[in-house]
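Q: Could you have a look at this structure, given as structure tokens, before my questions?
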Amino acid sequence: MDKRELFGWSRCIAEKLNGLQAVIEAENIMCFVSFGSEVDTHGLLKEWILQGKNVSVPRIEKFPAGESLMHAVKIKDFSDLKTKGSYGIMEPELKIDSIVAPAELDAIIVPGSAFDIQRNRMGYGGGFYDRYLMRTSGNCKKIGVCYDFQLLEQIPHEAYDIPVDLIVTEKRTV
């Protein structure tokens, strides 16, 4: 994929996200930290921090028994992302006083390898987001972002998969 094209699509998606009422009104927002060829969220994170929003990013905590848990960790600056997690994604340090409870979030920007028009999401196989999204309040808007070619008519999903409320691509909002 052409990096310039992806950058342009990411900027378009960012503009659409910033125009959504759910994002405009969100005081507490969680957003994934993009890596590889995902929709670029680095600029969004920096912008929302400057706007005074309470911005959280995912942090995976691993336990000795092999279990893992995803937390929303508040960041005050993009430079708080200092360590690479197990997937090579930048994460903040895990401090108890910076963990945001799922029920406190107004909006969550969710990644995916694919989505469908019924708002189902295909992740990367870890189940972190499905387990986390189950713990959010009914008022929290779950917003998937992807490139339009990742939005399909139908994808496989299970009963435990949590659909998003909205999907934003460079071409449309579902």
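Since every read-out is calculated from the coordinates, none of them should be taken as a lab result. Because the structure is predicted, anything quoted here is derived from the model rather than measured. For neighbour counting, all protein chains shown are included, and Cβ atoms are generated from backbone atoms with ideal geometry for every residue, glycine included.
Q: Just to be sure I follow the definition: excluding the sites themselves, where is the longest run in the chain that has none of the chymotrypsin sites (Phe, Trp or Tyr not before Pro) in a DSSP loop with at most 11 other Cβ atoms within 10 Å?
A: 1-123
Q: Would you calculate the separation in nanometres between label points at Tyr160 and Ala101, each defined as 7 Å from the Cα along the Cα-to-beta-carbon direction?
A: 2.5
Q: Report the Cα centroid-to-centroid distance between segment 115-167 and segment 6-32 in angstrom, as an integer.
A: If you average the Cα positions of each part, the centres end up 16 Å apart.
Q: For segment 14-59, which GluC sites (Glu not before Pro) are in a loop by DSSP, counting at most 12 other Cβ atoms within 10 Å?
A: Qualifying residues, ordered by number: Glu27.
Q: What FRET efficiency comes out for the pair Leu6/His42, r = Cβ-Cβ distance, R0 = 22 Å, nearest 0.05?
A: According to the calculation, E is roughly 0.95.
Q: Could you tell me which GluC sites (Glu not before Pro) in segment 65-174 are loop residues by DSSP with no more than 15 other beta carbons within 10 angstrom of their beta carbon?
A: Filter output for segment 65-174: Glu67, Glu93, Glu153, Glu158.
Q: D for segment 1-89, whole µm²/s, Stokes-Einstein with Kirkwood Rh over alpha-carbon pairs at 25 °C and 0.890 mPa s: what number?
A: My calculation gives 171 µm²/s for D.
Q: So what are the radius of gyration and Dmax for the Cα set of segment 59-115, in Å?
A: When restricted to the Cα atoms of segment 59-115, Rg and Dmax are 12.4, 34 Å.
Q: With mean projected area of the Cα convex hull in nm² as the read-out, I listed [x] 10.0; [y] 12.1; [z] 10.8; which label goes with the value calculated from this structure?
A: Among [x] 10.0; [y] 12.1; [z] 10.8, the one calculated here is [x].
Q: Using +1 on the beta carbon of Lys and Arg, -1 on that of Asp and Glu, and nothing else charged, what's the dipole of the chain about the Cα centre, debye to 20?
A: Dipole of the chain, to the nearest 20 debye: 220 debye.
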